[in-house]
Structure formats: C-alpha cells, structure tokens
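Please read the structure below before turning to the comments.
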C-alpha cells in the first residue's frame with residue numbers, strides 16, 4: 001500500500017481488520033444514511049475507486065464511510081499539513097515585552113485584552129510538546145498577572161473577559177499539575193477554574209473543569225464519579241467540543257466497568273456530536289477537540305473491551321498522526337498510550353518481546369502525563385504478569401512502572 005493516499009489505505013485496512021468484503025461494506029453503507037443510494041453494482045464500482053485512491057469520496061460519503069468504521073470524517077480523511085499550512089493556522093505570538101509594559105501601566109484596552117487572549121491560546125497550544133515544568137512556571141506567572149488585572153478598574157465586559165481567560169489558564173495549569181503528579185494542587189486549581197468560569201458565564205471553561213474531574217477520577221479508578229462529572233459537564237456545555245471529550249471519558253468509564261452496551265451508545269453520541277461541529281481553529285489547542293483525537297479515544301475503549309485488532313489498527317493511526325510532515329513527534333502523550341495499546345495487543349497474542357519493546361518505548365518519552373501513563377501502563381503490566389509472570393522482562397517492566405508511579 002506504499003504510495004496510496006492515507007484515507008484509501010485506511011479504508012482497506014479497516015475493512016480487512018473486520019474481515020469484510022467490499023460488497024459487505026457497500027451493503028452496510030446503506031444503513032449510514034436515510035436516502036436511497038445507487039444500485040449495488042454502481043456503489044461497488046465506486047467503493048473500488050475510493051479504496052484504490054483514484055477518487056476522493058464526496059463530503060457526504062466521507063461522513064458515511066467514517067461512521068461505518070466508528071470514526072469521524074475529520075480524522076478518517078485528514079491530510080498531513082504542509083509547513084506553510086501549519087504556519088498559516090498557528091496561533092501568533094503576542095508581543096510579550098510590550099504587553100507586560102502595558103499591564104504595568106494599567107493600560108487595559110481592547111488591544112491589551114486581545115494580546116492576552118493570544119498569549120493564553122499560545123500557552124494552551126504549547127501543552128502537548130513543551131516541557132511540563134517550564135510551561136507550568138510560565139502558566140502560573142500569567143495567571144498571577146491576570147489575577148492582578150481583575151483588581152484594576154475595567155468595564156463589566158472586560159472583567160468577564162479577563163475572568164474567562166483566567167479560567168482557561170487555570171485549566172491549563174491544573175492539567176500540568178496533574179501531569180506532574182501534583183494531585184492535590186491540580187484539584188485546587190481545577191476548582192478555581194470552575195469558579196472563574198461560573199463567574200464569567202463561560203460554559204466552555206465550566207465544561208472543561210468537569211472534564212478534568214472525569215480525568216482525575218478515571219486514573220484513580222472512581223468510575224461512578226467519572227459518569228457523574230461527564231453528565232454535569234455535558235449539561236453545562238451543551239453542543240460544544242468539550243462535550244465530545246466528556247462523552248469519551250464516560251465511554252472509558254463504562255469500558256472499565258464492563259458495560260459494553262453503554263460503551264457503544266456513549267461513543268456513538270460523542271462521534272455524532274464531533275461530526276456535527278466545525279473543526280477547531282487551532283488543532284494544537286489543548287482545549288479544542290480536534291477530529292484526530294477521536295481515534296485516540298476509541299483506541300483506549302476498544303483495547304479495554306478486548307477488540308484487539310480494532311484497537312491495534314487505531315493505535316497505528318494515532319502513531320502516524322502523532323508525527324508532523326518531517327517525522328517529528330508532535331503528540332508524545334498520545335503516542336505513548338498508542339504504544340502501550342500495541343504492547344497490550346502483542347502480549348495477548350503471545351509476543352512477549354514485542355510487548356515489552358512497545359511498553360518501554362512508551363515510558364521513554366520526555367513529555368508525559370504521569371497519571372494517565374501509569375494507568376494504561378499498569379494495564380500492560382497486568383497482562384504481562386498474568387501470562388508471563390516468571391519472565392525476567394516482565395519483572396523489570398513492572399518495576400519500571402512502580403518507579404514511575406512513585
């Protein structure tokens with residue numbers, strides 16, 4: 001499949017993972033729409049042209065094909081962006097020295113607020129790749145500046161805007177504290193973000209504050225709290241992108257509870273919502289759900305429910321999208337969990353060496369979310385212990401996980 005368009009390669013791979021023929025896919029495609037499709041032979045010819053990459057499906061068929069395989073069109077038919085396209089959509093840097101000078105002069109005008117918003121957005125976009133300690137220091141410094149700004153004489157609209165930005169920045173700081181294993185501090189910062197979002201009337205910040213509760217509860221195994229927080233967040237945020245992630249967190253909880261039916265229903269709700277909303281203005285922004293992240297969510301859930309072939313296929317997709325056009329890793333935390341997934345699949349298939357190799361590679365990254373990595377890493381450890389408990393490699397991996405957890 002070398003040289004084939006990524007979306008065509010994925011169509012073929014997803015079909016083969018499920019042991020479906022092209023005819024099976026065409027027949028199943030009819031259940032993804034309410035309108036009458038062309039005759040079977042016409043659709044079969046069309047499918048062949050799609051799958052060999054000669055013809056790109058129309059947007060309508062892209063949605064149908066992605067839905068057929070449990071994904072969204074923005075993830076399934078994504079293309080690797082060129083450096084020029086990346087630069088065109090990147091969050092511009094604010095002029096930090098000039099901005100700080102204006103803040104010291106208490107010059108709070110609309111230009112100052114716009115520069116502050118750019119700074120907050122840039123920090124949120126830095127989350128996946130910048131050293132967590134470094135970004136945490138910078139985030140806390142800007143949060144303190146925003147807090148000082150709230151004491152200045154500003155209009156009501158400006159006050160609410162500053163509260164909203166402070167809430168977003170508090171969310172980022174809380175995520176970084178959680179990544180570093182500073183759990184009590186992370187929860188206190190999350191509560192501050194919720195308060196700021198509530199005072200600002202910013203339902204997006206409120207929704208993400210509840211999403212953080214889901215995350216914190218998930219890694220400590222409190223699945224009932226995950227479901228409660230997900231429901232509260234969805235009620236507050238409505239049809240915003242944060243609700244997609246809330247549905248995903250609920251699906252993760254149901255998969256660990258063992259309710260396969262609830263898993264499928266919850267995943268489908270999140271997938272349909274993500275398909276219906278506009279793509280994010282900045283896919284790197286931590287608090288904007290990019291379509292490619294859907295494969296990451298589904299990968300975790302499918303691994304938990306034992307759908308090894310599907311989970312392994314999605315892990316490959318996550319790994320491929322965790323690199324930019326030059327091969328540089330741009331989503332190291334997603335890549336780490338994808339490697340653990342491949343390790344679990346390999347261990348279940350009887351391949352100890354490959355399982356250990358993937359597990360160790362996942363632990364080697366510089367940018368980590370410790371609680372999340374420990375959670376999925378322990379899952380690999382449990383599989384290794386149950387199947388290869390006496391192997392020295394198993395004992396070494398388990399010790400590495402214990403060291404990481406501590």
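The values are calculated or read from the model by the stated rules, or taken from the named source; none is laboratory data. As the structure is a computational prediction, the values presented were derived from the model and not from experiment. FYI the Cβ positions are ideal-geometry reconstructions off the backbone, even for glycines, and counts take in every protein chain you see.
Being in a helix (DSSP H, G or I) and either surrounded by fewer than 20 Cβ atoms within 10 Å (Cβ to Cβ) or over 16 Å from the mean Cα position of the chain (by Cα) (or both) is the filter here, so list the residues in the stretch 247-263 that pass it. Explain how you work it out, then say what you get.
Let us first name the residues in the stretch 247-263 that are in a helix (DSSP H, G or I), namely 247-257, 260-263.
254, 255, 256, 257, 260, 261, 262, 263 - these are the residues of the stretch 247-263 that are in a helix (DSSP H, G or I) and either surrounded by fewer than 20 Cβ atoms within 10 Å (Cβ to Cβ) or over 16 Å from the mean Cα position of the chain (by Cα) (or both).
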So residue 85 ticks every box in (1) surrounded by 14 or more Cβ atoms within 10 Å (Cβ to Cβ); (2) assigned to a helix (DSSP H, G or I); (3) modelled with pLDDT under 95 but one. Which box is left unticked? (1)
Please verify whether the stretch 106-128 includes one or more residues that are modelled with pLDDT under 90, in a helix (DSSP H, G or I) and closer than 18 Å to residue 191 by Cα. no
Considering residues of the stretch 13-25 that are over 30 Å from the mean Cα position of the chain (by Cα) and assigned to a helix (DSSP H, G or I) only, the residue farthest from residue 313 (Cα to Cα): 23
Taking the stated definitions as given, is residue 278 modelled with pLDDT under 95, buried (at least 19 other Cβ atoms within 10 Å of the Cβ) and under 23 Å from residue 127 (Cα atoms)? no
Output for the stretch 221-246, where each listed residue is out of contact with any helix residue (DSSP H, G or I) (no Cβ under 7 Å at 6 or more places or on another chain) and either modelled with pLDDT under 95 or buried (at least 20 other Cβ atoms within 10 Å of the Cβ) (or both): 241
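Counting only residues that are closer than 29 Å to residue 166 by Cα, give me the helices (runs of 4 or more DSSP H) lying completely in the stretch 272-352 with at least 2 of them. Full working, then the answer.
Numbers: elements: 293-304, 308-321, 332-348.
In the stretch 272-352, the matching helices (runs of 4 or more DSSP H) lie at 293-304, 332-348.
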